[in-house]
Protein chains: 2
Amino acid sequence: MSNAGPEEFHSAPTLSAVAKLAGVSSITVSRVVRLPDLVAPETRGRVEAAMRELGYVPNQLAVALARARTRSIGVLVPTIANSIFADTVQGLSDELEPLGYAVILTQSRYDAAREDHMLSALLSRRPEAIIMVGSPATEDGARLLRRAGIPVVETWELPVAPIDAVAGFDNYEAGVAVARHLVGQGRNSLAFIGGDDPRATRRWNGFNDTAQALGARAPRRLILDRNASGSVVAHAELPGVDAVFAANDAHAIGFMSGLRKAGLLRNGPAAEQPVAVIGLGDLEMGRLIAPSLSTIRVHGDAIGRTAAKLILTRTGPRQVDLGFELVLRDSG
Amino acid sequence: MSNAGPEEFHSAPTLSAVAKLAGVSSITVSRVVRLPDLVAPETRGRVEAAMRELGYVPNQLAVALARARTRSIGVLVPTIANSIFADTVQGLSDELEPLGYAVILTQSRYDAAREDHMLSALLSRRPEAIIMVGSPATEDGARLLRRAGIPVVETWELPVAPIDAVAGFDNYEAGVAVARHLVGQGRNSLAFIGGDDPRATRRWNGFNDTAQALGARAPRRLILDRNASGSVVAHAELPGVDAVFAANDAHAIGFMSGLRKAGLLRNGPAAEQPVAVIGLGDLEMGRLIAPSLSTIRVHGDAIGRTAAKLILTRTGPRQVDLGFELVLRDSG
DNA sequence: ATTTAGAATGCTAACGTTGTCATTGGCGCC
DNA sequence: GGCGCCAATGACAACGTTAGCATTCTAAAT
């Protein structure tokens with residue numbers, strides 16, 4: 001072991017360390033990084049050699065402080081594991097990373113207090129914009145965002161009174177479309193299974209309103225845990241049901257698994273299913289299983305990319321409806 | 001519209017703005033935030049009121065610069081969408097967020113150049129540690145990490161010469177376990193389908209070596225795209241195959257879908273399957289479909305949590321093998 | 001009454017950059 | 001030969017915070 005002086009545990013080399021080694025001043029090094037044309041080729045060569053030798057990597061924190069531009073954006077999702085929101089994160093990250101933005105990712109875990117906390121933690125890092133799934137759960141959170149004075153994109157829904165920009169789709173209409181299809185198919189005893197977050201509730205509302213308007217019996221609603229296993233046994237709690245709208249594909253597939261065990265699933269087309277099942281999300285998997293899953297396809301990736309574009313430009317519409325599609329396969 | 005003075009487009013309020021409003025100096029405000037006990041209750045009250053009024057949120061960039069602690073950690077994954085790595089990100093984020101760490105998430109998209117670029121972009125934000133899936137693809141990347149002088153956790157494998165810490169499992173042994181099981185079941189014509197990233201290749205090696213050592217015919221290897229659709233038609237390219245190890249569950253389920261169309265899938269137990277299929281990852285979905293998917297279960301969430309713990313403590317073992325389990329269901 | 005301790009507060013210099021001015025030479029031009 | 005001009009480089013303050021050391025004031029101890 002060499003005897004370790006205070007400098008031995010190297011903190012990262014700084015501009016002035018490079019400058020000293022190259023025999024120039026710090027600003028010259030800074031210019032080699034940012035405005036190489038302003039530096040004489042000979043000097044530039046020496047500085048570049050020094051940077052290589054020390055393994056210099058500019059400190060973006062200091063840059064951000066000096067320029068008042070952090071080149072980072074805050075992202076808040078309910079959860080990232082097994083979730084369709086991962087598509088959105090991927091989409092926005094693919095748009096933003098090439099431009100030098102860092103994505104700070106946080107999860108609210110569907111918890112309003114944690115959401116507020118994460119929002120404020122995010123803001124303390126001075127992101128240039130915030131992209132979140134949904135809208136702030138509390139007025140405190142909303143106020144925080146409004147006061148921040150940066151672009152905010154709410155996604156995965158179309159809020160009535162958005163804080164700023166929106167990239168989403170109409171969850172209510174998704175519920176409407178499913179109810180219309182199911183009742184049109186002659187189903188009469190409908191149910192909605194899934195979470196009770198705001199977006200799921202919007203779907204439920206559209207579903208419920210429409211089913212009743214079309215003369216079906218009042219649909220039932222079953223609130224389930226976030227994992228699909230609860231949905232496996234859900235049909236036991238819905239005696240006589242002949243059509244189910246699941247808040248996401250995972251729940252739908254879980255429910256179908258329960259139906260299969262109960263002998264209520266056919267490998268044939270929708271018309272032969274004792275119980276129709278419609279999901280939401282269009283997981284690739286839904287296309288691959290048998291019977292294949294009918295679902296509301298949403299464009300998670302496009303939502304992310306659109307959100308990114310919305311924070312990059314100040315012109316054009318600030319509320320984008322990416323829509324959805326009812327994809328009919330064999331399950332319902 | 002109120003007439004907009006230069007202060008009207010408020011940049012976020014600073015410590016000294018709060019100080020001025022409260023009639024104290026900046027350090028006193030700083031102390032109210034960090035060391036409230038040192039400030040007289042009366043003063044503290046005034047400062048807190050001022051903070052509330054202005055909506056003060058401390059600037060973590062400036063804090064980080066002053067204290068040389070960013071409380072951020074860099075995370076590099078190949079991809080986050082539809083991927084089991086999302087579990088790992090969730091796991092580490094759940095450990096780290098409560099401690100005030102920000103997670104900076106980047107994706108390499110299985111591209112070595114992009115990985116190096118992201119690594120250096122990450123380092124420029126001075127994270128206190130880096131957690132990545134796998135090991136750096138290039139020597140440049142590895143050098144970057146070694147010189148950074150911060151904890152580095154490589155995950156999802158057990159590198160022979162780790163840079164620092166490791167939280168993973170033995171991909172080679174996973175291949176061994178699957179081959180052993182399949183050959184033991186009397187299968188003879190094996191194939192491996194999936195990507196050709198380093199981890200998949202390790203699995204293939206264990207699979208291939210073992211199958212041959214046990215006297216099966218030399219397994220075939222089919223490199224597929226990252227999405228599952230390619231795997232749907234894969235069986236056409238593997239005539240006579242009677243057992244398949246897929247690099248992940250999505251590929252496995254896609255492959256099963258192809259088998260089903262070809263009439264080569266039974267709803268009965270493994271012994272009745274013309275072609276056995278084993279996946280890797282243990283997606284919840286695999287348990288729900290019919291036939292249910294046999295798979296190598298890995299602990300993505302635990303990998304993330306362990307990685308987080310490894311960067312938080314300097315004591316204890318720095319290389320953790322989280323293992324895997326062969327979960328046998330109906331597909332093989 | 002004087003000292004002493006401590007509680008409360010403040011000043012100044014960092015942290016690693018960049019923006020905004022200097023300053024220094026060398027060159028062509030009338 | 002003096003003039004301005006540009007190319008190359010540098011000094012200094014600022015960004016918003018904290019660390020380390022004053023300073024002030026009150027109150028108890030002598």
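The values are calculated or read from the model by the stated rules, or taken from the named source; none is laboratory data. None of these values were measured; they are calculated from a predicted model. Neighbour counts run over all protein chains shown; Cβ positions are idealised from the backbone, glycine included.
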### Query
Does A:Leu105 fit the bill of being modelled with pLDDT of 95 or more, within 16 Å of DNA strand C (Cβ to nearest atom), touching a Leu at 6+ places or on another chain (Cβ under 9 Å) and within 30 Å of B:Gln90 (Cβ to Cβ)?
no
### Query
Can A:Ala68 be described as surrounded by fewer than 18 Cβ atoms within 10 Å (Cβ to Cβ), closer than 24 Å to A:Ser120 by Cβ, within 13 Å of another protein chain (Cβ to nearest Cβ) and within 16 Å of DNA strand D (Cβ to nearest atom)?
yes
### Task
Could you please find all residues in the stretch A:13-27 being within 9 Å of DNA strand D (Cβ to nearest atom) and crowded, with 16+ Cβ neighbours inside 10 Å?
A:Ala19, A:Ala22, A:Val24
#### Entry: Scope the stretch B:245-275; condition more than 13 Å from every other protein chain (Cβ to nearest Cβ), aliphatic (A, V, I, L, M) and touching a helix residue (DSSP H, G or I) at 6+ places or on another chain (Cβ under 6 Å); matching residues
B:Ala247, B:Val275
### Task
With respect to A:Val176, determine if the residue is away from chain B (no Cβ under 14 Å), within 22 Å of A:Val320 (Cα to Cα), surrounded by fewer than 24 Cβ atoms within 10 Å (Cβ to Cβ) and not acidic (Asp, Glu).
yes
### Subset of the stretch B:34-69 (residues that are among the aliphatic types (A, V, I, L, M) and either touching a residue at least 60 places away in the same chain (Cβ under 8 Å) or more than 8 Å from DNA strand C (Cβ to nearest atom) (or both))
B:Leu35, B:Val47, B:Ala49, B:Ala50, B:Met51, B:Leu54, B:Val57, B:Leu61, B:Val63, B:Ala64
### Query
Quick check: is even one residue across the stretch A:148-156 within 14 Å of chain B (Cβ to nearest Cβ) and closer than 20 Å to A:Ala112 by Cβ?
yes
### Task
Could you please let me know if A:Leu61 is more than 30 Å from A:Asp197 (Cα to Cα), modelled with pLDDT of 95 or more and assigned to a helix (DSSP H, G or I)?
yes
## Note on the structure
Residue hits (the stretch B:170-212; assigned to a loop (DSSP other than H, G, I, E, B) and more than 24 Å from B:Val133 (Cα to Cα)) are B:Gln185, B:Gly186, B:Arg187, B:Asn188, B:Ser189
### Scope the stretch A:255-272; condition in contact with a strand residue (DSSP E or B) (Cβ under 8 Å, 6 or more places away or on another chain) and under 22 Å from A:Gly195 (Cβ atoms); matching residues
A:Phe255, A:Met256, A:Leu259
### Task
Would you please name the residue that is farthest from A:Gly254 (Cα to Cα), looking only at residues in the stretch A:79-129 that are at the interface with chain B (Cβ under 7 Å from one of its Cβ atoms) and touching a Gly at 6+ places or on another chain (Cβ under 6 Å)?
A:Ile104
### Task
Can you confirm whether the stretch B:42-51 contains a residue that is within 12 Å of DNA strand D (Cβ to nearest atom), buried (at least 16 other Cβ atoms within 10 Å of the Cβ) and within 11 Å of another protein chain (Cβ to nearest Cβ)?
no
### Message
Quick check on the stretch B:100-117. Is at least one of its residues in contact (Cβ under 8 Å) with a residue 60 or more places away in the chain, among the β-branched types (Val, Ile, Thr) and under 17 Å from B:Trp156 (Cα atoms)?
### Response
no
### Query
Among (1) within 16 Å of DNA strand D (Cβ to nearest atom); (2) assigned to a helix (DSSP H, G or I); (3) within 14 Å of chain B (Cβ to nearest Cβ); (4) not hydroxyl-bearing (Ser, Thr, Tyr), which single condition is A:Val32 missing?
(3)
### Task
For the stretch A:276-296, enumerate the residues that are more than 14 Å from chain B (Cβ to nearest Cβ) and within 22 Å of A:Leu76 (Cα to Cα).
A:Leu280
### Query
What residue, among those in the stretch A:9-29 that are more than 10 Å from chain B (Cβ to nearest Cβ) and touching a Leu at 6+ places or on another chain (Cβ under 7 Å), is farthest from A:Val103 (Cα to Cα)?
A:Leu21
### Message
Among the numbered criteria (1) free of Cβ contacts under 8 Å to residues at least 60 places away in the same chain; (2) within 17 Å of the chain's Cα centre (by Cα); (3) more than 14 Å from chain A (Cβ to nearest Cβ); (4) within 22 Å of A:Ala12 (Cα to Cα), which one does B:Ile163 miss?
### Response
(2)
